[in-house]
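For reference, the structure is listed below as structure tokens.
The values are calculated or read from the model by the stated rules, or taken from the named source; none is laboratory data. For clarity, every value in this text was computed on a predicted model and none was experimentally measured. Note: ideal-geometry Cβ built from the backbone for every residue, glycine included; neighbour counts use all protein chains shown.
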Amino acid sequence: MARPRRPRVVNGPLIKPREPGRLADLARVILLGALVALPAFLYATLQANLLQQRRSVVELEEHLGGLEEQRRRLDVELASLRDPRRVREVATAMMGMVDADSEQIIYLTLPPHIPENPTTLVAEALGDTHGRQRP
């Protein structure tokens, strides 16, 4: 007797056999992708930080320039305020001061103070006039 003929069933598109190294290949691709993406990410992060630092340097240089300009203006103002003519003008116009008469001027002379003994200065510096040091 002849074997009954079974209809041939093709399940190729429905069932795919497992390949033995497929998971390892997938892990390898993911690892290589991460190894490529990590340096790119680090490079982008470093570039962003560098750009931020450059901006802060530019801002600080602008601030420094403003401070230098302000210092120059204040130096000019200080020089004008130290000028004796300007001091006289401010004293007479704003403060109402007048020149002193010759009777109002008194000259004082002080005799020079020279210590008799140079060790007195050392004792005075240490705080004891008898030449002893403080405890």
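Numerical summary
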item	result
Residue match in segment 90-111 (condition: aromatic (Phe, Trp, Tyr) and part of a helix (DSSP H, G or I))	no
Pairs, first free of Cβ contacts under 8 Å to residues at least 60 places away in the same chain and in a helix (DSSP H, G or I) in segment 52-72, second surrounded by fewer than 10 Cβ atoms within 10 Å (Cβ to Cβ) and not hydroxyl-bearing (Ser, Thr, Tyr), C-beta under 7 Å, six or more apart	none
Output for segment 88-135, where each listed residue is surrounded by 10 or more Cβ atoms within 10 Å (Cβ to Cβ) and at pLDDT 75 or above	Arg88, Glu89, Val90, Ala91, Thr92, Met97
